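Accompanying notes for the structure given below.
The numbers here are math on the coordinates, done by the rules we state, and not lab data. Being a predicted model, the structure only gives us computed values, none of them experimental. For neighbour counting, all protein chains shown are included, and Cβ atoms are generated from backbone atoms with ideal geometry for every residue, glycine included.
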Amino acid sequence: MSYEPKTTQEVADGLAAHGYLADEGLVTAVFLALTLHRPLFLEGEAGVGKTELAKSIARWQNAELIRLQCYEGIDAAQAVYDWDYSRQLLHLRAAEASGEAAQSGTAELEGQLYDERFLLKRALLRAIDYGHTTPPVLLIDEIDRADDEFEAYLLEVLSDFQVTVPEIGTFRTDNPPIVILTSNRTRDVHDALKRRCLYHWVEHPSFDREVEIVRMRVPEASEVLARQVAGAVEALRAINLYKPPGVAETIDWAAALGRLGITEIDETVLDRTLGTVLKYREDHSRVRDHGIAGVVQQAFDRGLLHG
Amino acid sequence: MASFTVESNPDRLAVGFARILRRLDIATPLDSVLTFINALSLVGIEDRNSVYWAGRTTLVRRPEDIAMYDKAFNVFWEHRESVVADDDEQLKVTLALDTEDEGSADGNADASDEPTITLRFSGVETLRDKDFAEYSNDEMNQAQQFMQSLRMAGPPRPSLRMKPTRSRGKRPDMRATVRASLAASGEPMRRHWVEKGDKPRRIVFLLDISGSMEPYARALVRFVHAGVAGRQRVEAFTLGTRLTRITRELSSKDPDRALRAAGENVRDWSGGTRLGETLRLFNNEWGVRGMARGAIVVVLSDGWDRGDPIVLAEQMERLHRVSFRMVWVNPLKVTPGYAPLARGMAAALPYVDDFVEGHSLDALEQLTKVINHA
């Protein structure tokens, strides 16, 4: 059985010790997912740390992370299992060459061919047919990119944690993996799938939390710089941008500034490093129209270490 | 208004809360409630935040519902405390929420089951080029039949999903080849192939429901319904002073129910227009994120916009960049001597691939052709 935390505080501490600062809502969601053994469905803007959470849970639980990146057209052969065709063909040829094929009937040959040793286990089957005592963390990333057919299949797998390979039989587990699904919400995922899961909408972190995150992830950044970066990002999010910066961008930016040996944000610095935070040309011109000075001012105010 | 009786027992508490949520149209199936009860047994019912988050992770599944959930939770929590105070006494609480609708879910039984199409067809024939603005209610109902017969297929796009093919494709189908070679004792004599399948392109309808569109909107929403109910991967939104997604409401096959549901959900019928602003919302929340990518986007609007035309142009440009084809349906286009004088229309036109009429059944048939051959 997977490890079950006793309190939400334990979850918060465990994640923090492995580099993830979660707010109360997310901590409760993770706590419930681990204790109720339900998949956790995370939705939110790109870059708020959905994928990172799964990685942190895996580190905390000392479990293997099995990641299934979804994309359009993904099907069972890529997500669940496939046969190792070249080895199957080789086996057939060998059987024929040694005269074994002539002796044994087609049925027996087929039995040899569709054996577990020719089975290529993909992420979902691997997570279910998992030998160790610590179950893995199964990350099903960007489920909204897969198509409806795959969603229906996933629903089946997540309901019973079993997979049937017609030629061999059914794989099932009493020790189900910890399942995290993420979606950027480019389309609505079907209700039936969401209903199997616990749901959490991940928000951008508050200013103070973001400062903590930067301090944790970019230790070389001073507190003043961390506060300024978080302040500037806060100001940028308030402007009507196409793609407001996520936590990932905040961390990248702080790291970039650290690398450049910069200790305080000023207008030149912001102008020169805007590309690490904003990835649309229109957003760049919007910030410049809005006034770089204003953003820098807010960053400066936030940077002050008042009590 | 509705009244609920709730006790301090966690089970009943959870069930009572679920009922409040259902009243607010947050889908709350029984299995979610059971999960909620389990969650409560883990986090306890003493701490407000714990109960709040336990409920939110188990009962809410869409970010749109969070605001409603918060509202319901506040009311629920307040009266829950008074329940805890006097333990075993049942408290009756009347809940007044600031949603005006008292959804009469099964008000009038459906009066559908129309007679045969052939009988109606002659009626429709006379209507075909009549302007929607001059329709009576009866005529509208007849027209609906016709609209439902319009099939929106849209050009397919290649899917990444593979399907078997007879012709020699680019990719061998190893699975089938191995199967076949069994019969030939291991000799891969017959090779099988796969190729990419086809998939219908998504169609996104953006229907302007501002005051100036009123004569047409009631007909066009029926057309949009026919599209949404007719096939998969069709999305519908209304544009007014705000943006409302009506895909779920319109997906009911029964037109009366669908239109009623959509009508209840949309709060800004015949209000003002902020085309540019609502398009920006659409782009940010849905369109550019993925819904409009590679899709056929159909805007149904007269192009009157009270907002800044620069904003509209900018948003049209964004949408045009990700979509497969932009179609603009303007019911006023047929007016003799029409020129796109509306500032919004003029700003949007450079980004429109097909500019078509939409004032009559004939025009809608034409529009269907445009969509199908886009």
- [ ] List the residues whose amide H sits under 5 Å from the amide H of B:Ala236, counting only those 5 or more places along or on another chain, with H placed 1.01 Å from N in the peptide plane.
- [x] B:Phe205, B:Ile246, B:Thr247
Open item on the list: Taking a virtual spin label 7 Å from the Cα of B:Met140 along the C-beta vector, which residues in region B:250-287 bring their backbone nitrogen under 19 Å of it?
Closed with: B:250-272
- [ ] Provide the net charge surrounding B:Leu312, with neighbours chosen by a C-beta distance below 14 Å and charges set as Lys +1, Arg +1, Asp -1, Glu -1.
- [x] -2
TODO: Quick one: grab Rg to one decimal and Dmax as a whole number for region B:166-311, Cα atoms only, in Å.
DONE: 23.0, 75
Task: Amide hydrogen neighbours beyond the local backbone of B:Glu195, cut-off 5 Å, H modeled - done: B:Lys163, B:Thr165
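Throw me the Rg/Rh for the protein assembly as shown, computed over C-alpha atoms with Kirkwood Rh, two decimals.
1.01
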- [ ] Could you rank the peptides A:135-143, B:213-221, A:169-177 by their average count of other C-beta atoms within 10 Å per residue, with the highest value first?
- [x] A:135-143, B:213-221, A:169-177
Task: In Hz, Karplus ³J(HN,Hα) per residue of region B:280-294 (6.51, -1.76, 1.60; θ = phi - 60°; x = Gly, Pro) - done: 4, 4, 4, 4, 5, 7, 10, x, 5, 5, x, 5, 8, 5, x
Task: Sites A:Val224 and B:Glu46 - FRET efficiency at Förster radius 30 Å, r taken between beta-carbons, to 0.05 - done: 0.15
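By the scheme Lys and Arg +1, Asp and Glu -1, what is the net charge of all other residues having a beta-carbon under 12 Å from that of B:Ala133? Numbers along the way, then the final one.
Numbers: positive: B:Lys130, B:Arg218; negative: B:Asp131, B:Glu134, B:Glu139, B:Glu214, B:Asp302.
Local charge sum for B:Ala133: -3.
Rounded to the nearest 20 debye, what is the charge dipole size of chain A about its Cα centre when +1 sits on each Lys and Arg Cβ and -1 on each Asp and Glu Cβ?
On the way: 32 positive and 50 negative charges, 120 e Å.
Value, rounded to 20: 580 debye.
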- [ ] Using amide H atoms built 1.01 Å from N in the peptide plane, name the residues 5+ places from B:Arg157, or on other chains, whose amide H lies under 5 Å from its own.
- [x] B:Lys199, B:Arg201
- [ ] Among the lysines, select those whose C-alpha is under 18 Å from the C-alpha of A:Lys279, and discard any that sit fewer than 8 residues away in the same chain.
- [x] A:Lys243
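Based on the Cβ-Cβ distance from B:Ala180 to B:Gln232, what FRET efficiency comes out when R0 is 41 Å, to the nearest 0.05? Before the final figure, lay out each step's value.
Working: r = 34 Å, r/R0 = 0.82.
Here the calculated transfer efficiency is 0.75.
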Task: Near-label residues of region B:221-245 by backbone N, under 19 Å of a point 7 Å along Cα→Cβ of B:Arg267 - done: B:237-245
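Averaged over A:227-239, how many beta carbons belonging to a partner chain fall within 10 Å of each residue's beta carbon?
Working: counts 0, 0, 0, 0, 0, 0, 0, 0, 0, 0, 0, 0, 0.
Across A:227-239, the average partner-chain Cβ count within 10 Å equals 0.
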Task: Highest-fluctuation residue, A:Ser98, A:Ser86, A:Ser183 considered, GNM on chain A with Cα pairs under 10 Å - done: A:Ser98
Task: Exceeding the 21 Å Cα-Cα cut-off - candidates A:Lys121/A:Lys194; B:Lys170/B:Lys199; B:Lys333/B:Lys369; A:Lys50/B:Lys199 - done: A:Lys121/A:Lys194; A:Lys50/B:Lys199
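Over the whole of B:49-62, what's the average partner chain Cβ count within 10 Å per residue? Rounded to a whole number, please.
That works out to 6 on average.
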TODO: Return the sequence-ordered ³J(HN,Hα) values of region A:152-159 in whole Hz as given by the Karplus equation 6.51 cos²θ - 1.76 cosθ + 1.60 applied to θ = phi - 60°, using x for Gly and Pro.
DONE: 5, 5, 4, 4, 4, 5, 6, 6
TODO: Could you tell me how many degrees, from 0 to 90 and to the nearest 10, lie between the Cα long axis of helix A:292-303 and the main elongation axis, the longest principal axis, of the Cα atoms of chain A?
DONE: 90
Task: Helix A:223-238 vs. chain A, principal-axis angle (Cα, 0 to 90°, nearest 10) - done: 80
Task: For residues of A:172-180, the mean tally of beta carbons on other chains within 10 Å - done: 0
TODO: Write down the Å³ per residue value for the convex hull defined by the alpha carbon atoms of chain A.
DONE: 167
- [ ] Please turn the phi angles of region B:243-248 into ³J(HN,Hα) values with the Karplus equation 6.51 cos²θ - 1.76 cosθ + 1.60 (θ = phi - 60°), one per residue in order, whole Hz, x for glycine and proline.
- [x] 10, 10, 8, 10, 4, 4
Task: Total charge dipole magnitude, the protein assembly as shown, about the Cα centre, Cβ charges on Lys, Arg, Asp, Glu only, Debye to nearest 20 - done: 2440
Task: Spin-label pair B:Thr241/A:Asp84, simplified geometry with 7 Å Cα→Cβ offset, distance in nm - done: 6.7
